[in-house]
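Asker: Before we start, here is the structure in question, set down as structure tokens.
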Amino acid sequence: YIKNNFDKISKIFDVKTSDELLAKIKSRLSYLNVQLKKGEFVLLSDKEFASKDSIITIRSGHDVSNHWWGVRHSFDSGSAGRAWADEIDNIGSVAGAIATVFPLGYTKLAGALTSLYLNTLSSDTRAWANKAPDGFNVDIAWTLNYRMYAH
């Protein structure tokens with residue numbers, strides 16, 4: 001797989017040779033094993049990593065970090081961004097369903113607004129995933145406004 005996809009993988013790991021890539025992968029795996037044994041993070045059932053204090057979640061190609069102003073999602077590739085957009089779409093569908101199932105004033109409005117916000121966020125994320133296939137960031141403030149930009 002690495003030989004067939006070296007051009008893509010070398011960009012992600014910022015390496016020039018396959019030997020350099022293998023050394024980087026071995027180093028990272030060794031580091032992760034040490035951190036796991038120390039209890040610095042846990043391996044979740046869905047194969048994601050979570051730090052013991054839940055400040056940083058690391059997924060394949062998707063890092064999440066909390067800041068005083070909000071949350072930063074960093075994507076190492078366009079495919080990681082599109083995968084997150086799919087997750088957001090699923091949440092947006094649930095919010096839309098709530099608005100439909102509970103058609104009472106505030107509940108319906110909250111569900112509809114949440115669904116609209118999440119659909120817009122996922123659409124913008126997909127656009128950036130296509131625009132910046134080598135990676136981009138999404139900063140979401142606590143006020144729910146967001147900005148997207150290349151690394």
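The values are calculated or read from the model by the stated rules, or taken from the named source; none is laboratory data. Please read all numbers here as calculations on a predicted model, not as lab measurements. In this analysis, Cβ positions are derived from the backbone assuming ideal geometry, glycine residues included, and neighbour counts consider all displayed protein chains.
Asker: Are any of the residues in the stretch 75-90 at pLDDT below 65 and within 18 Å of the chain's Cα centre (by Cα)? Quick ask: steps written out before the conclusion?
Answerer: Within the stretch 75-90, the first condition is being at pLDDT below 65, and the residues that meet it are none.
The answer is no, given that none of the residues of the stretch 75-90 is at pLDDT below 65 and within 18 Å of the chain's Cα centre (by Cα).
Asker: State which residue is modelled with the lowest pLDDT when the search covers only the stretch 61-73 and only residues that are touching a helix residue (DSSP H, G or I) at 6+ places or on another chain (Cβ under 9 Å) and part of a strand (DSSP E or B). Spell out how you get there, then give the answer.
Answerer: In the first step, residues of the stretch 61-73 are kept if they are touching a helix residue (DSSP H, G or I) at 6+ places or on another chain (Cβ under 9 Å); the result is 61-62, 73.
Going one step further and asking which of them are part of a strand (DSSP E or B), we end up with 62, 73.
Values: His62: 88, His73: 93.
Per the stated criteria, the residue is His62.
Asker: Residue pairs, Cβ under 7 Å, 6 or more apart or interchain, first in the stretch 1-28 and more than 19 Å from Ser77 (Cβ to Cβ), second basic (Lys, Arg). List them.
Answerer: Final answer for the pair search is none.
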